[in-house]
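The values are calculated or read from the model by the stated rules, or taken from the named source; none is laboratory data. Source: prediction; values computed, not measured. All Cβ positions, glycine included, derive from the backbone under ideal geometry; neighbour counts span all protein chains shown. Just so you know, the surface numbers come from the protein's heavy atoms only, side chains and all, with ligands and any DNA or RNA stripped out. Shrake-Rupley method; radii C 1.70, N 1.55, O 1.52, S 1.80 Å.
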Amino acid sequence: QKEVEQNSGPLSVPEGAIASLNCTYSDRGSQSFFWYRQYSGKSPELIMFIYSNGDKEDGRFTAQLNKASQYVSLLIRDSQPSDSATYLCAVRAPSARQLTFGSGTQLTVLP
Amino acid sequence: EAQVTQNPRYLITVTGKKLTVTCSQNMNHEYMSWYRQDPGLGLRQIYYSMNVEVTDKGDVPEGYKVSRKEKRNFPLILESPSPNQTSLYFCASSPRLSKSYEQYFGPGTRLTVT
């Protein structure tokens, strides 16, 4: 079983819609969760991180964490074509010395 | 400008010819790491370094070596490259592991081994 799992997609949403990206993890002790965006041919860039159960909002982005169910999600409101990218979920357990990444979900926002 | 640089950006080489990919950061970060990215597999960590002279294996260390003699530099060495090491490589740094949310990635090195 992969430690961090994401639906690879592709996920297509129309412009202006809400895009919902999901990630599940296997280590119940994980406490740090990150969402990265990666445009084709570019390096990943951090867009959100969350440590506590519940929601964390930053502009059009909302990260949601449910530790009991071991999932973290990213919502993108009012999706724009410029949001089209691959979104990577990353998790770190408190004792771990590294981040573990999921394989990413490819998002396409259709004009 | 705060940045992580990698060189070369693109490299085509032949099986068995030793190569080094350099990584340098100008942010005085303690934690540095190397990842490879392959289609469908996401980012997988090769090696990481908690500080100068402190390195450890990540998830896929076979066929790679690293060194951390200076805080700013973290080169990746392929002593005898093989075609299965054809991949996109990223170097990353953060102030320390506990501040992973400040992780900066380099621009990537696309390596092809024939």
Q: Residues being open to solvent by 80 Å² or more (accessible area, probe 1.4 Å), within 13 Å of chain B (Cβ to nearest Cβ) and either part of a strand (DSSP E or B) or of a type in the set (S, T, N, Q) (or both): count how many of those fall in the stretch A:6-53.
A: 3
Q: Examine the stretch B:102-113 for a residue that is out of contact with any Cys (no Cβ under 9 Å at 6 or more places or on another chain), assigned to a strand (DSSP E or B), farther than 22 Å from A:Tyr39 by Cβ and not hydrophobic (A, V, I, L, M, F, W, C), and state whether such a residue exists.
A: no
(Q) Given (1) surrounded by 16 or more Cβ atoms within 10 Å (Cβ to Cβ); (2) without any contact (Cβ under 8 Å) to a residue 40 or more places away in the chain; (3) assigned to a strand (DSSP E or B); (4) charged (D, E, K, R), identify the lone condition not met by B:Asp56. (A) (1)
Q. Of the residues in the stretch B:49-83, how many are touching a Lys or Arg at 6+ places or on another chain (Cβ under 9 Å) and of a type in the set (Lys, Arg)?
A. 0
Q: Can you run down the residue pairs with Cβ atoms below 7 Å, 6 or more apart or on separate chains, where the first is in the stretch B:20-39 and more than 14 Å from chain A (Cβ to nearest Cβ) and open to solvent by 20 Å² or more (accessible area, probe 1.4 Å) and the partner is of a type in the set (A, V, I, L, M, F, W, C) and assigned to a loop (DSSP other than H, G, I, E, B)?
A: B:Asn26/B:Ala2; B:Met27/B:Ala2
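Taking A:Asp78 as the residue in question, decide whether it is more than 14 Å from every other protein chain (Cβ to nearest Cβ), out of contact with any helix residue (DSSP H, G or I) (no Cβ under 9 Å at 6 or more places or on another chain), in contact (Cβ under 8 Å) with a residue 40 or more places away in the chain and open to solvent by 10 Å² or more (accessible area, probe 1.4 Å).
Values: more than 14 Å from every other protein chain (Cβ to nearest Cβ): yes; out of contact with any helix residue (DSSP H, G or I) (no Cβ under 9 Å at 6 or more places or on another chain): yes; in contact (Cβ under 8 Å) with a residue 40 or more places away in the chain: yes; open to solvent by 10 Å² or more (accessible area, probe 1.4 Å): yes.
Taking the combined requirement at face value, the residue satisfies it.
Take the stretch B:85-101 and flag every residue that is open to solvent by 60 Å² or more (accessible area, probe 1.4 Å) and either touching a strand residue (DSSP E or B) at 6+ places or on another chain (Cβ under 8 Å) or assigned to a loop (DSSP other than H, G, I, E, B) (or both). I'd like the intermediate steps shown before the answer.
Looking only at the stretch B:85-101, we keep the residues that are open to solvent by 60 Å² or more (accessible area, probe 1.4 Å), and these are B:96, B:98, B:101.
Hits for the stretch B:85-101 are B:Arg96, B:Tyr101.
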